[in-house]
1. I need the helices (runs of 4 or more DSSP H) fully contained in the range 71-145, keeping only those with at least 1 residues that are more than 30 Å from W35 (Cβ to Cβ), touching a residue at least 40 places away in the same chain (Cβ under 8 Å) and of a type in the set (S, T, Y).
2. Restricting the first residue to the range 41-66 and requiring it to be under 14 Å from S83 (Cα atoms), which pairs with a second residue that is among the small types (G, A, S) and part of a loop (DSSP other than H, G, I, E, B) meet a Cβ separation below 7 Å and a spacing of at least six or different chains?
3. Just one of (1) under 17 Å from the mean Cα position of the chain (by Cα); (2) buried (at least 20 other Cβ atoms within 10 Å of the Cβ) trips up I123, so point out which.
4. Let me spell it out: the conditions are (1) hydrophobic (A, V, I, L, M, F, W, C); (2) modelled with pLDDT under 95; (3) farther than 21 Å from N128 by Cα, and L95 meets all of them except one. Which number is the exception?
5. Looking at the range 65-112, which of the residues that are out of contact with any Phe, Trp or Tyr (no Cβ under 6 Å at 6 or more places or on another chain) and of a type in the set (F, W, Y) is nearest to E126 (Cα to Cα)?
6. Check the range 25-38 and report whether any residue there is over 22 Å from W138 (Cβ atoms), in a helix (DSSP H, G or I) and modelled with pLDDT of 95 or more.
Amino acid sequence: MRWIDLPPVWLLACVVLAWLQASHLTYGLGFGGPWADFVGGLLVGGGILLMLLAVVEMRRQHTTIIPHQTPSRLVQSGIFSRSRNPIYLGDVLVLTGLILRFDAVLSLPLVPIFVWILERRFIEPEENRMRRTFRQDWARYEGKVRRWV
């Protein structure tokens with residue numbers, strides 16, 4: 001069951017729910033055409049780019065990207081100088097973009113629900129582990145870089 005408690009699994013579940021809603025329960029609602037496809041594509045592309053930049057930086061620093069493990073280093077460079085959680089931010093952008101692309105208006109509440117899941121299940125426990133592991137370095141980093149943007 002541990003494999004189910006990973007952010008990509010939660011993202012996939014939300015994407016599937018949005019797709020199902022867009023396919024079967026539209027109630028005649030829509031975002032309004034090409035602009036939603038364009039913005040949705042930008043969000044998905046931006047989210048994937050953020051995730052890739054974060055993974056590359058973490059690999060460069062030789063630390064884990066697995067959420068439930070304690071990293072060997074506190075990564076503060078690259079995209080991590082702008083956001084403490086660029087992979088999670090990328091996940092949220094991908095979900096939002098796909099909701100726009102699917103024209104799944106009724107699935108918009110999935111975005112704040114997904115953010116809440118990420119914060120409670122992953123971000124807060126990770127930050128607590130890093131706070132205990134890196135102490136003063138974490139305090140400085142937390143003070144200068146915001147959680148999301």
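The values are calculated or read from the model by the stated rules, or taken from the named source; none is laboratory data. Note that this is a predicted model, so its numbers are computed, not measured. With ideal geometry, Cβ positions are generated from the backbone for all residues, glycine too; neighbour counts draw on all protein chains shown.
1. Filter on the range 71-145 gives 124-144.
2. Matching pairs, first to second residue: E57/S77.
3. Evaluating I123 over (1) under 17 Å from the mean Cα position of the chain (by Cα); (2) buried (at least 20 other Cβ atoms within 10 Å of the Cβ) leaves (2) as the failure.
4. Failed condition: (2).
5. Y88
6. Checking the range 25-38: at least one residue is over 22 Å from W138 (Cβ atoms), in a helix (DSSP H, G or I) and modelled with pLDDT of 95 or more.
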